[in-house]
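No lab work stands behind these numbers, since they all come straight from the coordinates. Everything numeric in this text was worked out from a predicted model, so none of it was measured. Here the Cβ is made from the backbone with ideal geometry for all residues, glycine too, and neighbour counts use every protein chain on show.
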Amino acid sequence: MEKDEFWNIIEISNMDNNMEENLLSHLKKLETSEIIEFQNIFLDLMAESYKFELLEVNFVISSYVSDDVFNEFRGWLISNGFSRYDKALEDPETIAEWLKQNEIEEIHDCKIHQVAEEAFLAVGGSHENFFDSLIYPENPEITVDWPESKKEFSDKYPKIVSSFWNQELINELH
């Protein structure tokens, strides 16, 4: 499977509000080897999006960040399709152009990480074969120079901060 085909499957799955259901249905039509290829591309994209700028933006949008929250965020970003993913990697501020405040919870509800495994099992594969067949790329090293204030975040990401900064929730979660 090529990346273009991966992104085509994501786009087709986004035709309505049932992205994960549509994705599962589509993947279940593939051979087990193609499902593995799909998941390996997903893992490559997860590593590619392991960027400090996206981690910072994830913090502002979610008012909290951890390894799990950042994984959810990157998976959710991939689930939004190539154009949004690619633009966000270039400039995380572009997320403010399309993400709405009432959609933030969708980031944490996104289960795209598990869909390929579920499809693999549904077509007769086993957990062991699924995980043994995956290629886990290493995440790049992130140097942490964490902003110390809202102003520092705002200087870097003015659109994101003006749209999503929630000091009350930040205080509550920290």
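Counting only Cβ charges, +1 for Lys and Arg and -1 for Asp and Glu, the dipole size of the chain around its Cα centre is about 380 debye. Between LYS111 and GLU90, the modelled labels are 3.4 nm apart [label points 7 Å from Cα along Cα→Cβ].
Derived scalar couplings between HN and Hα for segment 127-137 equal 3, 4, 5, 4, 5, 5, 8, 7, 10, 9, x Hz in order, rounded to whole Hz, by the Karplus curve 6.51 cos²θ - 1.76 cosθ + 1.60 (θ = phi - 60°), x for Gly and Pro. For the residue pairs LYS51/LYS100; LYS28/LYS51; LYS3/LYS29; LYS111/LYS150; LYS3/LYS100, the alpha carbons lie more than 20 Å apart in LYS51/LYS100; LYS28/LYS51; LYS111/LYS150; LYS3/LYS100. Along the axis of the charge dipole computed for the chain (Cβ charges of +1 for Lys and Arg, -1 for Asp and Glu, origin at the Cα centre), the listed residues ASN14, GLN101, PHE42 are led at the positive end by GLN101.
Among the trypsin sites (Lys or Arg not before Pro) within segment 74-163, those in coil by DSSP and having at most 12 neighbouring Cβ atoms inside 10 Å are LYS100.
Suppose R0 equals 25 Å; then what is the FRET efficiency for ASP132 and GLU5 from their Cβ-Cβ distance, rounded to the nearest 0.05? Can you show the working numbers first?
On the way: r = 23 Å, r/R0 = 0.93.
That gives a FRET efficiency of 0.60.
Given a Förster distance of 45 Å, report the FRET efficiency between ASN171 and GLU31 from their Cβ-Cβ distance, rounded to the nearest 0.05.
Numbers: r = 50 Å, r/R0 = 1.12.
Efficiency for this residue pair is about 0.35.
Dividing the alpha-carbon radius of gyration of the chain by the rule-of-thumb value 2.2 N^0.38 Å gives 1.08.
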